[in-house]
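Inspection log for the structure reproduced underneath, given as structure tokens.
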Amino acid sequence: MHVRELKGDAVAHYDAQIAEHAKENRDLDACHALWRTVIERAVMDLQYLERFAGRSNLKKHELEKLRRIEESPPTDFIEGSWFEQICDYLQVDAARIRSGLDNYLEQAA
């Protein structure tokens, strides 16, 4: 005999609550994932820029990527108020992310 058979409707009700909670939070989770990805991409672009800027032996696709990043520098985003708002939304410390990036850039130099 299974626990579900013993509890009957209580388990079915609990399963329904879990499903409803998951449905309500699906959009929120997707939005959080999107904004985390935006921040991760800005960090990766900053690292790419730091690694390849000033090199003369770049392949065509590397040069194109470098130009795209330079046209819209990740530092503009990371230093802006929009970044602050996104970090607040994600409940992460924008200053801590900036500090980590500063440390990375100092070590890379």
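Throughout, read-outs are computed from the coordinates displayed, never taken from laboratory work. Every value quoted in this text rests on a predicted model; they were computed, and no experiment measured them. Virtual Cβ from ideal backbone geometry, glycine too; neighbours counted across all protein chains shown.
Just want to confirm a number: the relative contact order over the chain, from Cα pairs under 8 angstrom separated by 6+ residues, in percent.
Working: 31 pairs, mean separation 27.2, N = 109.
Rounded, it is 25 percent for the chain.
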Problem set entry | region 59-109 and region 31-49: distance between their alpha carbon centers, rounded to Å | 8 Å
For this session: With a 10 Å radius around each residue's Cβ, average the other Cβ atoms per peptide and rank 37-44, 15-22, highest first.
Result: 37-44, 15-22
Problem set entry | Between helix 81-90 and the chain: long-axis angle, C-alpha atoms, 0 to 90°, nearest 10 | 30 degrees
Exercise. Just one of [x] 22.3, 72; [y] 17.5, 55; [z] 13.6, 42 is Rg and Dmax of the Cα atoms in Å calculated from these coordinates, so which is it?
Worked result: [x]
Exercise. With θ set to phi - 60° and the Karplus curve 6.51 cos²θ - 1.76 cosθ + 1.60, what are the ³J(HN,Hα) couplings of region 64-79 in order, to the nearest whole Hz, using x for Gly and Pro?
Worked result: 5, 5, 4, 5, 4, 5, 5, 5, 9, x, x, 5, 4, 5, 5, 8
For this session: Give the residues of region 65-82 whose amide nitrogen is closer than 20 Å to a point set 7 Å from the Cα of W35 in the direction of its Cβ.
Result: 74-82
Seminar exercise, completed: Expressed in nanometres to one decimal, the distance between label points 7 Å along Cα→Cβ at K59 and D76 is 2.8 nm
